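Working notes for the structure below.
The values are calculated or read from the model by the stated rules, or taken from the named source; none is laboratory data. Every value quoted in this text rests on a predicted model; they were computed, and no experiment measured them. Backbone-built Cβ (ideal geometry, glycine too); neighbour counts: all protein chains shown.
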Amino acid sequence: MENKTICSVCEEHIEEHEYHYNNLKTGEPVCEGCVDNSYNYPMLTSTTYLEGEVERVMYNNTLGAFVDEYFEMSEESPHNSPVESAQWVSSNAWRGYMGFDLKPSWVTLESGWATGRHDDVKWKHAFNDFIDELEEGNLYTHFPIVVVSAPTSNVFSTAIDVCVRERDVDAFWEAVGEHCGLTAEALKTSLS
Ligand SMILES: [Zn+2]
């Protein structure tokens, strides 16, 4: 009997004995090579900071799956992640970024671009400081603060969204203002 399974990414035949994976969203087959390959590219990452804990999940577009730190895959986005789904958005043939859709009841407080901590981009340090405080657990909140970072076609730049639930917006500005004096304007400037 002829095997008609074709990889939805590279369009190669997948033999019957070969391992393959089905994209969780579309159900389309993905061959082993393309599964391996999908992990070689930077993925959209949602990092949730809540009560001193850090929960990180990546979205693998090739597999239609949220992947946690233990490489467990799930079609469902974690409860405390604002990311509903993600997809590559091209601005033209050469440029683009990984965009995402927000779940209802979540808002983006600010979005922009981050780079590493370089002396020539001092205005960006407010954002780096904010992340350091979250990562180190010094900025502790009883509601989730989420940083969504996404690859762009510019390897030096990462697209950033800072998200909270709609009901936590006031609490967020109060907490960061008290903790590190971060204002809405400083966050905006540091991501521009
Ligand atoms: Zn393939």
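Among the residues of region 1-42, the one identified as exposed (fewer than 13 other Cβ atoms within 10 Å of the Cβ), among the hydroxyl-bearing types (Ser, Thr, Tyr) and farther than 11 Å from THR62 by Cα is TYR19.
Taken together, the residues in region 114-156 that are under 30 Å from SER90 (Cα atoms) and in a helix (DSSP H, G or I) amount to 11.
Just one of the listed residues (VAL67, VAL57, VAL35) is assigned to a strand (DSSP E or B), free of Cβ contacts under 8 Å to residues at least 40 places away in the same chain and more than 15 Å from VAL146 (Cβ to Cβ), namely VAL67. Considering only region 4-14, I want to know if a residue exists there that is near the ligand (Cβ under 10 Å from one of its atoms), within 26 Å of TYR97 (Cβ to Cβ), without any contact (Cβ under 8 Å) to a residue 24 or more places away in the chain and hydroxyl-bearing (Ser, Thr, Tyr). Yes, region 4-14 contains at least one residue that is near the ligand (Cβ under 10 Å from one of its atoms), within 26 Å of TYR97 (Cβ to Cβ), without any contact (Cβ under 8 Å) to a residue 24 or more places away in the chain and hydroxyl-bearing (Ser, Thr, Tyr).
Please work out which residue is nearest to the ligand (Cβ to nearest atom), limiting yourself to region 15-27 and to residues that are polar (S, T, N, Q) and without any contact (Cβ under 8 Å) to a residue 40 or more places away in the chain. Within region 15-27, the match that is nearest to the ligand (Cβ to nearest atom) is ASN22.
Conditions (1) surrounded by fewer than 14 Cβ atoms within 10 Å (Cβ to Cβ); (2) within 27 Å of GLU84 (Cα to Cα); (3) touching a helix residue (DSSP H, G or I) at 6+ places or on another chain (Cβ under 6 Å), marked per residue:
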{"residue": "LYS122", "(1), (2), (3)": "yes, no, no"}
{"residue": "ASN138", "(1), (2), (3)": "yes, no, no"}
{"residue": "ALA175", "(1), (2), (3)": "no, yes, no"}
{"residue": "ALA184", "(1), (2), (3)": "yes, yes, no"}
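Is it fair to say VAL89 is more than 28 Å from GLU133 (Cα to Cα), within 16 Å of the ligand (Cβ to nearest atom) and among the aliphatic types (A, V, I, L, M)? No; evaluated as a whole, the condition is false for this residue. Within region 71-91, residues that are in the same structural domain as GLU166 (by TED's automatic domain parsing) reach no partner that is assigned to a loop (DSSP other than H, G, I, E, B) and exposed (fewer than 13 other Cβ atoms within 10 Å of the Cβ) with beta carbons closer than 6 Å at six or more positions or on different chains. Suppose the filter is surrounded by fewer than 18 Cβ atoms within 10 Å (Cβ to Cβ) and either of a type in the set (S, T, N, Q) or not in a loop (DSSP other than H, G, I, E, B) (or both); does TRP94 pass it? Criteria not met by TRP94. VAL30 falls short on exactly one of the conditions (1) over 30 Å from CYS163 (Cα atoms); (2) within 14 Å of the ligand (Cβ to nearest atom); (3) outside any strand (DSSP E or B); (4) not hydroxyl-bearing (Ser, Thr, Tyr), and that condition is (3). Inspection of region 87-99 identifies no residue that is at pLDDT below 90 and in contact with a Lys or Arg (Cβ under 9 Å, 6 or more places away or on another chain).
One residue is enough: does region 167-189 have a residue meeting the conditions among the basic types (Lys, Arg), part of a strand (DSSP E or B) and at pLDDT 95 or above? Checked against the condition, which is being among the basic types (Lys, Arg), part of a strand (DSSP E or B) and at pLDDT 95 or above, region 167-189 yields no hits at all.
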